[in-house]
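In what follows, a single structure is set out as structure tokens and then discussed.
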Amino acid sequence: KTTESSIDHFEEEELLQSLPKEKGWVSQYMYLYQQFWCPSPLIQPTITFQKYFQAKHNDIVIASLPKAGTTWLKALAFAVVKRSHSIPTSQNDPHPLLNSNPHTLVPFFELDIYANKTNNVIPNYLSTLPEPRMFGTHIPFPSLSHSIHNSDCKIIYICRNPLDTFISHWHFSNNILSSQSLPTLTLEEAFEGYCEGMHPFGPFWSHILSYWNASRDKPSKVLFLKYEEVKANTNSELKRMAQFLDYPFTPEEESGGVIDTIIELCSFKKMKELEINKSGKFANKIENKHFFRKGENGDWVNYFSPSMIEKLSKVIEEKLDMESIFL
Ligand code: A3P
């Protein structure tokens, strides 16, 4: 008997045979699927998500390249949207962010929901999530499900200086590899791949540009944030985010310190020290502590040689319009 999942599996086998393939960073391989490098274990979940996910008009999607500040943005957006029933953070009624990692509260489509749940339970799971539903993804804008493109749901994208994103990703990958007693990636091999655009969900330039252009075309649908700006002006960026999501802060909330409470709750220092983020695991696999390393701008200076700076700066200059995006 041919079931739907066996058709999917057969189609996947055929598809994989036809796609360009490279060594992955953490996974064994990455495939060039719809013009982005998709880690092999995420191909099937991505296809299932694309085929079946039905967006609701009030869904919220947090999108990013890995290591661009996803965890922080998920925490901030969750705290903003769910604040009516989760602020203040009293001892009897602790805020969900004190007991759960942001990736549990705002699950990824391809890394969590469609990867870890069986297809027959997903529709029910999705339909029972409290609204507004909040999701995360590393999939580039053009490859999101049609229903996300066609509904009124909103997307917030966070972009980070590619040099810092690279160093953060290299550390993260090596932490995961080490925890599985697998050989780690040298800085040089990861760097060569990165400059060619061959890294998970890369090329980074087309990923960033896909959301940047979408935010220019549809400013009410896609908000483009920068990690460095959120760090420098957390208060005003948080207000911008709340406004965009149609959850603006009232003057009473502002004067009552709600914004500061959220900023403190989601701060790197606070989150890194929480027991759930020190000892818990995300999707039963990755230790939460790996999502909190330094949380600083400019750590790349401690790793890049002058020739690496020259090479990557050239790639960035050629592929991205730095003036309009980063300045
Ligand atoms: P570093 O490795 O440079 O420290 P992602 O969440 O997309 O996986 O990105 C992880 C990066 O964001 C890591 O960067 C991590 O330390 C940083 N980060 C995590 N939580 C943060 C927070 N609350 N505030 C600022 N940066 C944070």
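The values are calculated or read from the model by the stated rules, or taken from the named source; none is laboratory data. Because the structure is a prediction, the values reported are computed rather than measured. So basically every Cβ, Gly included, is an ideal-geometry build from the backbone, and we count neighbours across all protein chains shown.
Things to note:
- Qualifying residue in the range 46-55 (condition: over 17 Å from Gly202 (Cβ atoms), among the small types (Gly, Ala, Ser) and crowded, with 16+ Cβ neighbours inside 10 Å): yes
Yes/no matrix, rows are residues, columns are (1) surrounded by fewer than 17 Cβ atoms within 10 Å (Cβ to Cβ); (2) out of contact with any strand residue (DSSP E or B) (no Cβ under 9 Å at 6 or more places or on another chain); (3) free of Cβ contacts under 8 Å to residues at least 60 places away in the same chain; (4) among the β-branched types (Val, Ile, Thr):
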| position | (1), (2), (3), (4) |
| --- | --- |
| Asn99 | yes, yes, no, no |
| Leu105 | no, no, yes, no |
| Ile113 | no, no, no, yes |
| Asn116 | yes, yes, no, no |
| Leu126 | no, yes, no, no |
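- Of everything listed in (1) touching an Asp or Glu at 6+ places or on another chain (Cβ under 9 Å); (2) modelled with pLDDT of 95 or more; (3) of a type outside the set (A, V, I, L, M), the single unmet condition for Ser64 is (1).
- Hits in the range 272-293 (condition: free of Cβ contacts under 8 Å to residues at least 40 places away in the same chain and either within 13 Å of the ligand (Cβ to nearest atom) or closer than 15 Å to Ser100 by Cβ (or both)): Lys272, Glu273, Glu275, Lys278, Ser279, Lys281, Lys289
- Residue check for Glu296: at pLDDT 95 or above, of a type in the set (Asp, Glu), over 26 Å from Asn175 (Cα atoms) and within 19 Å of the chain's Cα centre (by Cα): no
- Among the residues of the range 186-216, those that are farther than 14 Å from Lys319 by Cα and within 15 Å of the ligand (Cβ to nearest atom) comprise Leu187, Ala190, His199, Pro200, Phe201, Tyr211.
- As for the range 140-151, it holds at least one residue that is under 22 Å from Phe204 (Cβ atoms) and β-branched (Val, Ile, Thr).
- Top-ranked residue of the range 262-293 - restricted to ones that are in contact with a His (Cβ under 9 Å, 6 or more places away or on another chain) and of a type outside the set (Lys, Arg), ranked as surrounded by the fewest Cβ atoms within 10 Å (Cβ to Cβ): Ala283
- Summed over the range 255-271, the residues that are part of a loop (DSSP other than H, G, I, E, B) and within 10 Å of the ligand (Cβ to nearest atom) give a count of 2.
- Residues in the range 219-242 that are within 21 Å of His149 (Cα to Cα) and surrounded by fewer than 13 Cβ atoms within 10 Å (Cβ to Cβ): 2 in all.
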